[in-house]
Structure formats: structure tokens, C-alpha cells
Amino acid sequence: MHDLAAHLIGPDLLDPSWVAATGLDADPILLAAVGLIIAVFGGGFLAVSRRRGGGSKDDGADEAGTGGSTSTDLLDRPGGAPEAPPLPEAPETIEIPDTPEAIAPPLPVPEELTLAERFRQRLGRTRNVLGSSVAELFGRGVTEEAWEGLEEALITADVGVTASLEIVEELKRRSREEGATTGEAVLELLKQELRQALATPDRSLARATDDGPTVWLITGVNGTGKTTTIGKLAAVETREGRTVTLAAADTFRAAAAEQLGVWAERTGAQLVRKDEGADPAAVAYEAYDAALSHGSELLIVDTAGRLHNKRQLMDELGKVKRVLEKQAGPLEETLLVLDATTGQNGIAQAQAFLEAVEVTGIALTKLDGSSKGGIVVAVQREIGLPVKLVGLGEEIDDLAPFDPALFVDGLFAGITDED
Ligand SMILES: Nc1nc2c(ncn2[C@@H]2O[C@H](COP(=O)(O)OP(=O)(O)O)[C@@H](O)[C@H]2O)c(=O)[nH]1
Ligand SMILES: [Mg+2]
């Protein structure tokens, strides 16, 4: 019974000397009863003293739980201990389950699109203009009006006047010869013609065959997307395990080098920059040295496109290229970046660059935001250079090697097939 009393009120409260002095140990039943009374009221007392700050911080956490409310119930009983002053509000506790998800919520899963899906999705606006109008025109049969409408649709989609006329002439001839009498059949021929117009033997980006770093020089009018394209390229290359150096040879504004710096950080590429206003050729020179000593397999050189006249453009861009070629030999790629949304105007602007440096290929950006996908055809025809890359958005993964079949399918997705 002494044990029962000790269990109820705790051994530290049931001092044996006190029990002996009261003579309670002579009567085990009385001792148990006293023990029970102390347990009930003493427990309440202890709870109050804890709430008033007598407990440790850890106890405070317990109070927010169930223990505290049990004690309060006891105190509320009529005839119980005197009413306690209002308690300070317990701090709100936020329940954090102890699971890995709660500690580090998973990052949103990036959109995993195949190249075909990406073309299809991003060319949505282009498709609306070209694809839908063509479907509508020939939906009413293969008529002279439909042919005229097609010509107009192609011109509107920036295919270019001459190319549009030629494509329609060829289509008319083939539809007569091959007996294409339905809109669907004509659309199929059009797709073939566009693929044909875009055919080019090699779109791959050239790489150094010797040990030295591959050098890609990126040129184009300001705002066309050079720096963004370089960032996306760096992402592709570093993911494939190559070490990359980026040269900020656009020294017009400090912000240009900073923008490239952000991409370098995101992609784990090495950045070489100098102060605003520095000689772009000096940046390129130092960057090649840095790429060599860093063991980079690829050097991508960003340049300024804010040049006021052809003379200046040739001087600056030409100098950057000459300096690099002295160090590296012929550059593997000199890419011209064109903004698809600027249409024929963009092609005219490009001429100045083509005269300043020998360009090896085109990177056509902003095809996602353009309703004029036909510009791809015009660019290849009028500039006579292969479109090697296309920009399909502003994000890191929105760069694709240009693939005419996927592109044409993307232009007409949902119009001619069941996607
Ligand atoms: N929608 C879209 N925007 C792009 C694309 N490429 C670049 N941009 C945007 O175009 C703007 C200019 O790009 P930037 O790389 O600074 O051009 P730069 O002056 O030639 O270096 C930025 O807002 C980019 O996010 C693309 O493929 N699609
Ligand atoms: Mg830039």
C-alpha cells in the first residue's frame, strides 16, 4: 500500500520520515487515501506552478499538448484550488510532421517534353495562323481561291514573297500530276514542300578536332537573344559533361556581363569578363587563355549588337574574330542570332553582320512568341545559311537543334493528324 501511495504521488513527495512522524505508516489504508488526495490536488498545483513559469522551456511545449488541459479541468472543479489568474496565451505551435517531404519539400518536377512535343507546344501561335488558315482554305476544295489564299497565308507567315509564290506554283503542279483533289492531300504536299525547302545537309555545331577548346562566336543585333542562347547552350554542354568558358565580350553595359554571369552560375560555366567599356577583343583574348588553362572544351563568346554602322561593326566584330583566330585557328562556329518576330526586317538587319564576319549558321530565337514560323524558310533561302538552332522560349531548356520534320509537323499539328 505504501508502494501504491508512492506510485500515486511520486516518491519525492512521499518523504518516509514525514510518513513515520504522522503515524500514517501504521495504517496502510489511511496512507493510501492521503496519497490519493495529494496526487489529485498536488498534481493540479504542480500544473499551475509550471504554467506560471516554474517549468522549463521544454515543459512549455508539453503544455500546448494534452497535459495542460487535463490539469485545468481539475482546477475548474467546484471546491478545488483557488482559481488561477488568466494564463498567457500559449505560443501557437505549427505541426511539422517529421517526414523528408516536410523537411525539404520536393522541387517542382521540370516539364519533361520530347523535342517533338516541345515544337508542337511552342509553335502554337504559328500554327494558329498558318495551319488553321490553310486547313480552312482547302476545306472547301482545291480551288483557285484556295491557292491564292495559301499564297497569302505563306506570305503572312513570313515565308517571303518569292518563296511563297514558288511553293504555291510547285504545289499546283504536283497536285495536278499526283491527283491531289482534297484539302488534306494538298496539305500533305505542302508539308513535304516545306520540309524540302528547309533541307540542308548538316546542321550540327562543329567542334575542334584537335585538343584546343572549341570556339563558338555569337553575333547578332542587340535584343535578338544572344546572351540567352549562350546560356541555354552552356546548359546543354555542361549537362553533357563538357567544361565551358563564357566570354562577356559585350562590354557596352555592365549589365550585359552580369546577365552572362547569371547564366554561368546556373550552368557551372567559367565566366571571363572585364569592366564596362573594355575592348571586346581583349576580353575574347583573355577568355581563350582562361579556357586553355581551365581545361575548357568549349569557349562561347558573347558580343555586342548595338553597333551604329557597318564600319564600326566590321571593326569590332572583325577584331574579336581575328584575335581569337590568332590564338585558336579558324573558329568552329560563328553563329548569327536572329529574332523570328522581326520577320523580313530581321533578315535585312542580318546583312550587315554577314558582311562583317563569315557566319556559319543561324540561331533563330523567339519562334514560340511568333505567329510567323515561315521565317525559317525565308532565312534559309535568303541568307543561304542553315538554321542550326531554334529558341522556343525564355527558359534554360527552350533551345532545340533545328529539325525540319519536327518543325513542319509542329506547324500543322492537330490540323492534318490526330495529335
Ligand atoms: N519568348 C522567347 N524569348 C526569348 C528567346 N530568346 C531570348 N528571349 C528573350 O529576349 C530578350 C533579349 O534576350 P538577350 O539574350 O538579352 O538578347 P541579346 O541582347 O541579343 O543578348 C530577353 O528578354 C530574353 O529572355 C526565345 O527563344 N523565346
Ligand atoms: Mg546580350
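None of the figures in this text is laboratory data; all of them are computed from the coordinates on show. The model shown is predicted, which means the values in this text are computed figures rather than measured ones. Because the Cβ atoms are built from the backbone with ideal geometry, glycine has one as well, and the counts that use them run over all protein chains shown.
Across all directions, the shadow cast by the convex hull of the range 267-419 built on its C-alpha atoms averages 10.8 square nanometres. Taking K and R as +1 and D and E as -1, what net charge do the other residues with C-beta under 14 Å from the C-beta of TRP263 add up to? Result for the neighbourhood of TRP263: -4.
A Förster radius of 22 Å, combined with the Cβ-Cβ distance separating ASN222 from ALA254, puts the computed FRET efficiency at roughly 0.90. For ASP403, ASP250, the sequence from fewest to most other C-beta atoms within 10 Å is ASP403, ASP250. Here's how it looks for THR365: its modeled amide H is under 5 Å from those of LEU338, ASP339, ALA340, GLY391, which are all 5 or more places away or on a different chain. Applying the Kirkwood pairwise sum to the alpha-carbon positions of the range 221-272 produces a hydrodynamic radius of 11.0 angstrom.
If you take the alpha carbon atoms of the range 292-341 and fit the smallest convex hull around them, that volume is 112 Å³ per residue. Here the range 276-419 carries DSSP beta bridges of which approximately 25% are antiparallel, counting only pairs with both residues inside.
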